[in-house]
Amino acid sequence: MARNSFLVFLALLTAGCASQRLAGADLDQVRRPAFISRIEIEAGPRSLVFQEDDAYKQKLKKLEPKEADRRLQAKLAAAVTRFEVSERLRVNTFRQLPLEERPWMNTVDPARVATVLESFLVEEVPANAPDYDLLSRLGVDTVVEFVIQDYGMRSEKGRAGPYIQGYARMFKLEGRAEFWRRPFRVDRVAEGAEPLDPFKVGKEPTLFRQQITEMLDVLAGQFAQDLSPKDRKGSAPLVEGEGPDSTHTTGREPPPPAKPPEPELAPGELPDP
């Protein structure tokens, strides 16, 4: 039920956005795609709970709203890393595609993509978009990109919850012509879902992790559906020397980054629930 609710709300949010449906004829021309997922440097996680909603003022007592948001934001960052957020979207989208079909069977190994771009096996993903032209040395002709622009927790009238916003797109490496784009914003507060108590999240950050990962999985399902158009007539022939990237055919994830040290929190905690 929760998954269906997310999908319905996602459709409502993106209906009026500058989206572009992937045509089967365009997908038929793709030979060797590469998947990239990145998160903008100022994207989050953010806590927009206490400073933007005075419903918590009495419960905060002497704690300033700005400081309360700072402490909650540290908890959100510890609950799920930026790398996990961006990679979950890429991996779960790819795994739901028909991997026995072209062009997905010829997808370039993400570890090779990361090596060429020299930026995607680290915790902090650069703010600037990578130099996609570097991918040409791997034979890439098309890029599927997921970009997270904003995520975290917010609140209205004492009802808090997670949100995530960004866009997904597919474009030709040469010329950068786009033939699929899906802006997205999933917002549990606007959806009217069961609120997530920010004070409980302060004591048990995994509550935020559970909800944000569920939202990412719903988005991945939507993206996989978008990337599987029904009006295909064929697929681009392989050029000589090309073939399936055996290191990627099972949807293998790139090596995880070294686990960062636990972030140091300022003295003091959020009030108990």
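The values are calculated or read from the model by the stated rules, or taken from the named source; none is laboratory data. As the structure is a computational prediction, the values presented were derived from the model and not from experiment. All Cβ positions, even for glycine, are placed from backbone atoms using ideal geometry, and neighbour counts span all protein chains on display. Note: accessible area is taken over every heavy atom of the protein model, side chains too, but ligands, DNA and RNA are not part of it. Shrake-Rupley method; radii C 1.70, N 1.55, O 1.52, S 1.80 Å.
Estimated from the Cβ-Cβ distance and a Förster radius of 35 angstrom, the FRET efficiency linking residue 58 and residue 206 is about 0.85. The 3J(HN,Hα) values that the Karplus relation (6.51, -1.76, 1.60; θ = phi - 60°) gives for the stretch 38-45 are, in residue order, 9, 10, 5, 4, 9, 6, x, x Hz. Gly and Pro appear as x. The slack in the chain from residue 149 to residue 197, taken as 0.36 nm per residue of separation less the alpha-carbon distance, amounts to 14.9 nm.
Surface calculation, 1.4 Å probe, protein heavy atoms: residue 178 sits at approximately 60 Å² accessible. Under 19 Å of direct C-alpha separation, and excluding same-chain neighbours fewer than eight residues apart, residue 203 reaches these lysines: 57, 59, 61, 62, 66, 75. Principal semi-axes of the equivalent ellipsoid, √(5λ) from the alpha carbon gyration tensor of the stretch 49-161, are 40, 16, 11 Å from largest down. Take the Cα of residue 137, step 7 Å toward its Cβ, do the same at residue 172, and the gap between the two points is 2.5 nm. The share of accessible area on the stretch 68-117 that comes from carbon and sulfur is 46 percent, using a 1.4 angstrom probe. Across 230, 200, 75, 172, the residue with the most accessible area heads the list, and the full order at a 1.4 Å probe is 230, 200, 172, 75.
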